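First up is the structure itself, then whatever we jot down about it.
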Amino acid sequence: MNLLKSALVLMLVISQLSYASSREIEAESKVTTSHKVKIKGETINYSATTGTQPVWDDEGQAIATLHYTYYQNQAVKDYSKRPLLISFNGGPGSASVWMHLAYTGPRILNIDDEGYPVQPYGVKANPYSVLDVADILYVNPVNTGYSRVLKDKDGKLPSKTDQQKQFFGVNADIKYLAEWLNTFVSRNDRWLSPKFLIGESYGTTRVSGLAHALQNQQWMYLNGVILVSPTDIGIKREGPVDAANRLPYFTAAAWYHKVLTPELQKLDLDDVLAQAEQFTLDQLMPAIARGGFLAPDEKQRIATKMAYFSGLSTEAVLQNNLDIAPSFFWKELLRNKGQTIGRLDSRYLGLDKKEVGDSPDYWPELTSWLHSFTPAINWYLSQELNYKTDIKYNMFGSVHPWDRTNNNAGENLRLAMAQNPYLNVMIQSGYYDGATNYFDAKYTLWQLDPSGKMKDRLSFKGYRSGHMMYLRRDDLKQSNDDLRDFIKHATPPAGTAAKY
């Protein structure tokens, strides 16, 4: 008997050691919990399902698994009329955590009204969530969140080269995610639901490409695409356009920090930006296009006006030949105060080791966000949603080098709109975002459909915040209201035909 007990103890120890030495995500998993939240005065009872679903190759072998969180209003009986909002963040390489825990989801970060971290860390109810009008799915692409590449039947991971071909590029990313979404929609009986994609930052390239891929490869048609703080989505803005388009953002940041002239500071931001935008289009862009052949007196006049709208000195503008790099602006604007400003949200202030130089030491907004998001998402998934794993939650995962060749996402979005009269597009941008600035976003909107025949299905919304405009409480409310209105508008009355 003692020998048997010893053998059992030894087997248990070996089993525990084996478990501890192997940290791998389950290819298939699912946990569902029930919750409630009050949105616009109405109590919403909802379920939260979080887990993993495989990605399969063409031979039907599981090659990766994606972690997701899916919220459903439990009072809904007919899902054919219930919109489904599918959410992606960007990077590439970023987890779908930012909009999940700070924008559209039923639970948001414990932060102050301007978006700064506070302790204790954690989450609280989101009274502005769009869960009252749509169910929401948050998807983490490969190597973000808990999503991972899987080992093959021989217990080996694909080579880095093979992984890049399968997952880590503009078109590879779109292809496998379209297939994954097809499976998810089928498993969860959502084929009849009106469907919307929302992407932030690089996620806008992702969802622009997915709109076309879903329609043309999965035969899944959409009602709307929302681009939050968009990249160029493959629509080029180079040379004079790239240089000139920065100025209205410079104006917004300078106005926020109160370094413009009293004449401009006394105006509302919208009025100041209207002036800066007109100058940019009518005078600055043509001037930069002339390059070194711009007449000296005209160059001086343009530089003086740029200084007027940017808060920089005329001398600094001239030294940069009218082409102000964003990194220089972040370092220069408050240099005389010994401070830098943020890249993704220029409301944030940083402290550099030296005041000299042409770029900041770090991005103060990103360190602030990681300060609050990382503990919140880890706690929330394990404690409130009861998803237990030893896998590390990757806020940013290993996805580089990223293949950016043949990026036709913008043109594919235009084509998807032309093919589908139901499909509407909305852009949401923060005025203080210096990474994907709001005027570039407007330019992308203008160029998306050069014919102008679909402009009644294109819209732009701006906010007095940065890249994640929803961190500021006033904009959290407004951006969700705009999103709610967009979903309602893009969901046609029953019996409305999709035709021109």
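What follows draws every value from the coordinates through simple rules; no lab data is involved. Keep in mind that what you see is a predicted model, and the values were worked out from it rather than measured. Ideal geometry is used to build each Cβ from the backbone, glycine not excepted, and the neighbour counts take in all protein chains shown.
What the table shows:
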| read-out | value |
| --- | --- |
| Those lysines that a straight Cα-Cα span of less than 29 Å connects to Lys455, excepting residues fewer than 8 apart in one chain | Lys81, Lys175, Lys195, Lys236, Lys442, Lys477, Lys488, Lys499 |
| 3J(HN,Hα) from dihedral phi, the range 282-296, Karplus parametrisation 6.51/-1.76/1.60, rounded to Hz, x for glycine, proline | 7, 10, 5, 4, x, 5, 5, 4, 7, x, x, 9, 5, 4, x |
| Ranked His212, His35, His400, criterion: other C-beta atoms within 10 Å, fewest first | His400, His35, His212 |
| Quarter of Cα convex hull surface for the chain, i.e. mean projection, nm² | 29.2 |
| Cβ-based charge dipole, the range 247-323, positive-most Cα from Pro296, Ala307, Trp255 | Pro296 |
| Amide proton proximity set for Ala64, modelled H, under 5 Å, gap of 5+ | Val55, Leu150 |
| Per-residue ³J(HN,Hα) for the range 397-408, Karplus 6.51 cos²θ - 1.76 cosθ + 1.60, θ = phi - 60°, Hz, x for Gly and Pro | x, 7, 10, 9, x, 9, 7, 9, 6, 6, 7, 10 |
| Packing-based exposure ordering (other Cβ within 10 Å, fewest first) of Arg206, Arg457, Arg148 | Arg457, Arg148, Arg206 |
| Beta bridges per DSSP with both ends in the chain, % antiparallel, nearest 5 | 60 |
| Within the range 218-298, GluC sites (Glu not before Pro) in DSSP loop having at most 14 other beta-carbon neighbours inside 10 Å | Glu238 |
| Rounded tilt (10° steps) of 247-256 against the dominant C-alpha axis of the chain | 80 |
| With Cα atoms, 0 to 90° folded angle of helix 2-21 axis to the chain main axis | 20 |
| Test item: Cα-centred dipole of the chain, Lys/Arg +1 and Asp/Glu -1 on Cβ, debye | 860 |
| Charged-residue dipole, Cβ positions (Lys, Arg, Asp, Glu), the range 247-323 about Cα centre, Debye nearest 20 | 200 |
| On Cα atoms only, tilt of 438-448 relative to the major axis of the chain in degrees | 80 |
| Placed amide H near Asn394: partners under 5 Å, 5+ positions off or other chain | Gly145, Tyr146 |
| Relative exposure of Tyr202, Tyr362, judged by other C-beta atoms within 10 Å (fewest first) | Tyr362, Tyr202 |
| Net dipole in debye of the range 371-455 [+1 Lys, Arg Cβ; -1 Asp, Glu Cβ; about Cα centre; nearest 20] | 180 |
| The range 247-323, relative contact order [Cα under 8 Å, separation at least 6], % | 37 |
| Inter-part distance where the range 36-98 and the range 260-326 are each reduced to a Cα centre, Å | 45 |
| Theoretical ellipticity at 222 nm over the chain - DSSP helices of four or more residues, -39500 (n - 2.57) apiece, nearest 500 | -11000 deg cm²/dmol |
| Computed over the chain: relative contact order in percent, which uses C-alpha pairs under 8 Å that are six or more apart | 19 |
| Candidate aspartates and glutamates for bridging to Lys124, where Cα separation is under 20 Å - those fewer than 8 sequence places away on the same chain excluded | Glu42, Asp112, Asp113, Glu114, Asp132, Asp135, Glu384, Asp474, Asp475, Asp481 |
| The range 463-469 - phi-based ³J(HN,Hα) in whole Hz, Karplus 6.51/-1.76/1.60, Gly and Pro as x | 9, 8, 8, x, 4, 9, 4 |
| Highest to lowest packing among 439-452, 249-262, 460-473, scored as the average C-beta count within 10 Å | 460-473, 249-262, 439-452 |
| The range 247-323: translational diffusion in µm²/s, Stokes-Einstein, Kirkwood Rh over Cα pairs, 4 °C, 1.567 mPa s | 104 |
